[in-house]
Amino acid sequence: MDRVVLIVDDLMEQITTKKLLPGAKLPSENQLADKYKVPRFTIREAFNKLEERGYIYSVQGKGRYLKEESVSVQMSLSSKTSFTEKMNALGYDHCTQNISCTPIDYEPMIYETLNAGKSDIVYQIGRLRLINGEPIAIHYSYVKEAQFPSISKDGPFVLSMFRYYRDHGIRQFSSQKSLLNVTFPTSREQGLLHCKSMVPLIEIVSDSIDARNGNVLEYTRIIYRSDKFKYNITSDT
């Protein structure tokens, strides 16, 4: 097996078993090169892989450090309450920034979920979620213009879709299903989430439904950082 892989695996075991504690300074390249009996560039490559995965970071002139312990965030798969309401109830210091309001090209899964025809216009409304000033997630909502005719004008100012729906007289929400996946960030998402390309993201795909009549309001895709946050995922009954 490649020596870099072996070294990364050994360091990962030390991280997961808490032999290396959050915030700790890692041994130097020279120290680890002596320990593993490899050239320094091999250790540097192992460090680079750990940094790409979001486990360590570099301080110029001082060395590498293990990232601080992840913040634990309780998230519910329920679509009955908004992100803001959930975070308020849990007492988190949070905020939301609107990052997009754009029509999308035809995507079968999204259009089928929204019961939209190919000629319909569907908008993506993107919001960046932050906790304690740190970006935690990007929340994409896809809505049909025919259902919300003013979405192109209103969308750039929407911070909460549930609040937007309530402003349109819709007050009870439900969801048919939620799918949990692992994905990786695009270059734009790396910039927004302040993470590297190889940091795994938790992806939740779901829908939001008007509980009164069963009409689908939106197709939802949320991606969460996995390198600085831990998630206690629950489902409301």
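The values are calculated or read from the model by the stated rules, or taken from the named source; none is laboratory data. Bear in mind the structure is a predicted one, so any value in this text is a computation, not a measurement. Cβ: placed from backbone, ideal geometry, glycine included. Neighbour counts: every protein chain shown. Accessible surface is based on the protein model in full, side chains and every heavy atom, while ligands, DNA and RNA are left aside. Shrake-Rupley method; radii C 1.70, N 1.55, O 1.52, S 1.80 Å.
With the chain treated as a Gaussian network of Cα nodes joined by springs under 10 Å, which of Gln31, Gln172, Gln97 yields the largest mean-square fluctuation?
Fluctuation is largest for Gln31.
Compute a Gaussian network model of the chain, connecting alpha carbons closer than 10 Å, and tell me which residue from Lys118, Lys196, Lys37 fluctuates the most.
Of the options given, Lys37 has the highest mean-square fluctuation.
Under the classification rounded if a/c is under 1.5, otherwise prolate if a/b is larger than b/c and oblate if not, where does region 1-59 fall, given a ≥ b ≥ c as square roots of the Cα gyration tensor eigenvalues?
The shape class here is rounded.
Please list, ordered by chain and number, the residues whose modelled amide H lies under 5 Å from the amide H of Ser100; skip anything fewer than 5 residues away on the same chain.
Long-range HN contacts for Ser100: Gly126.
Residue by residue through region 210-225, what is 3J(HN,Hα) from phi via Karplus (6.51 cos²θ - 1.76 cosθ + 1.60, θ = phi - 60°)? Round to whole Hz and write x for glycine and proline.
These are the phi-based 3J(HN,Hα) values: 6, 5, 6, 10, x, 5, 6, 8, 7, 9, 10, 9, 10, 10, 10, 5 Hz.
Divide the volume of the convex hull of the Cα atoms of region 137-192 by its number of residues and quote the answer in cubic angstrom per residue.
Each residue corresponds to 128 Å³ of Cα convex hull volume.
What do you get for Rg/Rh over the chain if you use C-alpha atoms and the Kirkwood form of Rh?
1.07
Accessible area of region 6-73 with a 1.4 Å probe: how many percent of it is carbon plus sulfur?
With neighbouring chains kept in place, the figure for region 6-73 is 50 percent.
Which longest uninterrupted range of the chain lacks any GluC sites (Glu not before Pro) assigned by DSSP to a loop state (not H, G, I, E or B) and surrounded by at most 16 other Cβ atoms within 10 Å?
No qualifying site falls inside 146-237, the longest such stretch.
Please list the radius of gyration and Dmax for region 94-225, considering alpha-carbon atoms only, with Å as the unit.
Over region 94-225's Cα set, Rg and Dmax evaluate to 14.7, 43 Å.
Order the following by accessible area, largest value first: His168, His139. Probe radius 1.4 Å; ligands, DNA and RNA are ignored.
Of His168, His139, the descending order of accessible area is His168, His139.
How big is the accessible area of Asp9 in square angstrom, nearest 10, if you roll a 1.4 angstrom probe over the protein chains?
Here the residue's solvent-accessible area equals roughly 80 Å².
Sorted by accessible area (1.4 Å probe), largest first, how do Asp2, Asp10 line up?
The ordering from most to least exposed comes out as Asp2, Asp10.
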